[in-house]
Amino acid sequence: MQKLIEKASVLQEALPYIREFYGKAVVIKYGGHAMIADDLKESFARDVVLMKYIGMNPIIVHGGGPQINAFLDRMEIKSSFVEGMRVTDEQTMAVVEMVLGGMINKEIVSMIGLHGGKAAGLTGKDGGLVRAKKLYVKKGSELIDIGAVGEVEEVNAGIIETLDAGGFVPVIAPIGVGPKGETYNINADLVAGSVAGALKAEKLVLMTDVAGILDSEGKLIPSLHRGEVEGFIAKGVIGGGMIPKVRCAVDAIDSGVRKVHIIDGRIRHAVLLEIFTKGGVGTEITE
């Protein structure tokens, strides 16, 4: 009986958050280990279905770097990177589009359907969802052409809102379309941030393979304001691959997103724990 009472208490704790976020858009960048381990993939799909059924509007933008690397290796296509960005020639772009827009996207859609939800898989090319332009990487004073890699110019939020209203969970692969119909590979964090900004989303959740933002002693920073970010970067508290994620978070907040959460996707039900509990499990960045 005590265990049943404890379960009821958990539901009671979630009630204020369910009420607050009812009808609100939550954009989730799905990536890292959570996309690889079978138990984490299943729990993520169940969490998304639960969010939809209680009245929230989850939107998923997924990555897929490790899966792309594995497929390129099998095809004996060499991968190269400049400043952390994948050099994407025509042959590589074909693989990227197949893996992101086909294999991974449809697997996520299928998993959500398996657990009772309705999902619609898209790339940024569908209906001009993500308009993009070519990205040049700056290395010192030099601008380097890294092929079919783009940056977001505009997101057609109407497509997503139509799917939300129809009871579907949009599942978006980070592939954009250029002004002449060109196909562009785009960083999934940047697409998620741009989608969240276009929707003025309640939350942007970035799933990673770390606990969140850690201080100089390795302890989790549960919350910080956007104005503190550059100071933490200057001090070296935020460094490496976390810098672009945090700057993406700041850009999203500046575009109208209320909160950004950086969470550890290796924890089962991490999204629910961050959104529906007082303590949360990651770092939230607020205006």
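The values are calculated or read from the model by the stated rules, or taken from the named source; none is laboratory data. This one's a predicted model, so the numbers in the text were calculated from it and none came from an experiment. Backbone-built Cβ (ideal geometry, glycine too); neighbour counts: all protein chains shown. Side chains included, ligands, DNA and RNA excluded: accessible areas come from the protein's heavy atoms. Shrake-Rupley method; radii C 1.70, N 1.55, O 1.52, S 1.80 Å.
Remarks
- Extreme residue, nearest to the chain's Cα centre (by Cα), among residues of the range 244-287 that are of a type outside the set (A, V, I, L, M) and assigned to a strand (DSSP E or B): His261
- When the range 214-243 is filtered for residues that are in a helix (DSSP H, G or I) and touching a residue at least 60 places away in the same chain (Cβ under 8 Å), only Arg226 remains.
- When restricted to residues that are in contact with a strand residue (DSSP E or B) (Cβ under 6 Å, 6 or more places away or on another chain) and of a type in the set (Lys, Arg), the range 15-51 contains 1.
- Failed item in (1) at pLDDT below 85; (2) within 29 Å of Val155 (Cα to Cα), with Leu224 passing the rest: (1)
- Residue count for the range 181-213 satisfying the condition of being of a type in the set (A, V, I, L, M), outside any loop (DSSP other than H, G, I, E, B) and either open to solvent by less than 20 Å² (accessible area, probe 1.4 Å) or closer than 16 Å to Val26 by Cβ (or both): 11.
- Residue count for the range 111-168 under the criterion of being assigned to a strand (DSSP E or B), among the hydrophobic types (A, V, I, L, M, F, W, C) and surrounded by fewer than 16 Cβ atoms within 10 Å (Cβ to Cβ): the result is 2.
- Counting only residues that are closer than 14 Å to Lys203 by Cβ and touching a helix residue (DSSP H, G or I) at 6+ places or on another chain (Cβ under 8 Å), the range 8-29 holds 8 of them.
- For Met242: the one exception among (1) more than 19 Å from His33 (Cα to Cα); (2) out of contact with any strand residue (DSSP E or B) (no Cβ under 7 Å at 6 or more places or on another chain); (3) buried (at least 16 other Cβ atoms within 10 Å of the Cβ): (1)
- Those residues of the range 82-110 which are farther than 20 Å from Ile36 by Cβ, part of a strand (DSSP E or B) and not β-branched (Val, Ile, Thr), in sequence order: Met85
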